[in-house]
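A.B. asks: Take this structure, written in structure tokens, and hold onto it; I'll ask about it next.
The values are calculated or read from the model by the stated rules, or taken from the named source; none is laboratory data. Please read all numbers here as calculations on a predicted model, not as lab measurements. Cβ coordinates were reconstructed from backbone atoms using ideal geometry, including for glycine residues, and neighbour counts include every protein chain displayed.
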Amino acid sequence: MTYTIWHKPTCSTSRFVLIALRDAGVDVVVRDYIKEPPSVAELEQALSQLDMTPRALLRRKGTPFDDLGLGNTGLADAALVTAMAEHPILIERPVVFGPQGAVLCRPKEKIFDFLVG
């Protein structure tokens, strides 16, 4: 089984989840999504797997969320996805993809249910 994590090395939650994946003995592909941002198509696919709206995957803390006016509820989903592709720091983390789908590991303990499920 191979899992992929959209990882940010400086994030303690992301590091916790990566360690949990490795401790579980699964093969892990680590993608530093800040250095290698997902495309619009990849984000749309991830949102589908996560069964989330773009707004639910937006990170506000420590991002240009306010500067870009992303709090405007009138913005279309496509505009939010484009903003995340252009500014990957806007993507909440960590996201893990596995054989059973995908999960946003917030809180970080969600990884344990995902690995069992």
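A.B. asks: May I ask you to verify whether LEU68 is over 16 Å from LEU115 (Cβ atoms) and either among the hydrophobic types (A, V, I, L, M, F, W, C) or at pLDDT 95 or above (or both)?
C.D. replies: Values: over 16 Å from LEU115 (Cβ atoms): yes; either among the hydrophobic types (A, V, I, L, M, F, W, C) or at pLDDT 95 or above (or both): yes.
In short, yes.
A.B. asks: While we're looking at this one, here's another question. Pick out the one residue from SER39, SER12 that is more than 18 Å from LYS110 (Cα to Cα), polar (S, T, N, Q) and out of contact with any Pro (no Cβ under 9 Å at 6 or more places or on another chain). Break it down into steps so the answer makes sense when it comes.
C.D. replies: Working: SER12 fails: more than 18 Å from LYS110 (Cα to Cα).
Unique residue meeting the criteria: SER39.
A.B. asks: Report, by residue number, each residue of segment 97-117 that is crowded, with 16+ Cβ neighbours inside 10 Å and assigned to a strand (DSSP E or B).
C.D. replies: Within segment 97-117, PHE97, GLY98, ALA102, VAL103, LEU104 qualify.
A.B. asks: If you take the residues in segment 1-31 that are assigned to a strand (DSSP E or B) and surrounded by 15 or more Cβ atoms within 10 Å (Cβ to Cβ), which one is farthest from the chain's Cα centre (by Cα)? Before the answer, list the steps.
C.D. replies: Within segment 1-31, the first condition is being assigned to a strand (DSSP E or B), and the residues that meet it are 2-7, 27-31.
Now narrow it down to the ones that are surrounded by 15 or more Cβ atoms within 10 Å (Cβ to Cβ): 3-7, 28, 30-31.
Numbers: TYR3: 13, THR4: 11, ILE5: 8, TRP6: 6, HIS7: 8, VAL28: 15, VAL30: 12, ARG31: 10 Å.
Among those residues, the one meeting the criterion is VAL28.
A.B. asks: While we're looking at this one, here's another question. Looking at ILE5, ILE34, ILE19, which one is closer than 14 Å to MET84 by Cα and among the aliphatic types (A, V, I, L, M)? Before the answer, list the steps.
C.D. replies: Details: ILE5 fails: closer than 14 Å to MET84 by Cα; ILE19 fails: closer than 14 Å to MET84 by Cα.
One residue alone meets the criteria, ILE34.
A.B. asks: Which condition from (1) closer than 28 Å to THR2 by Cα; (2) small (Gly, Ala, Ser); (3) in contact (Cβ under 8 Å) with a residue 24 or more places away in the chain; (4) in a loop (DSSP other than H, G, I, E, B) is the one that GLY62 breaks?
C.D. replies: Exception for GLY62: condition (1).
A.B. asks: Can I ask one more? Restricted to segment 66-117, and to residues that are in contact with a Cys (Cβ under 9 Å, 6 or more places away or on another chain) and of a type outside the set (Lys, Arg), which residue is nearest to PRO54 (Cα to Cα)?
C.D. replies: Going through segment 66-117, the residues in contact with a Cys (Cβ under 9 Å, 6 or more places away or on another chain) turn out to be 93-96, 111, 114.
Checking which are of a type outside the set (Lys, Arg) leaves us with 94-96, 111, 114.
Working: PRO94: 15, VAL95: 13, VAL96: 16, ILE111: 21, PHE114: 21 Å.
Checking each candidate, the answer is VAL95.
A.B. asks: Moving to a separate point now. Take THR73 and decide whether it is in contact with a helix residue (DSSP H, G or I) (Cβ under 6 Å, 6 or more places away or on another chain), outside any helix (DSSP H, G or I) and either in contact (Cβ under 8 Å) with a residue 40 or more places away in the chain or not aromatic (Phe, Trp, Tyr) (or both).
C.D. replies: Numbers: in contact with a helix residue (DSSP H, G or I) (Cβ under 6 Å, 6 or more places away or on another chain): no; outside any helix (DSSP H, G or I): yes; either in contact (Cβ under 8 Å) with a residue 40 or more places away in the chain or not aromatic (Phe, Trp, Tyr) (or both): yes.
No.
A.B. asks: Collect the residues in segment 59-91 that are within 20 Å of CYS105 (Cβ to Cβ), among the aliphatic types (A, V, I, L, M) and buried (at least 19 other Cβ atoms within 10 Å of the Cβ), keeping them in residue-number order.
C.D. replies: Answer for segment 59-91, where residues must be within 20 Å of CYS105 (Cβ to Cβ), among the aliphatic types (A, V, I, L, M) and buried (at least 19 other Cβ atoms within 10 Å of the Cβ): MET84, LEU90, ILE91.
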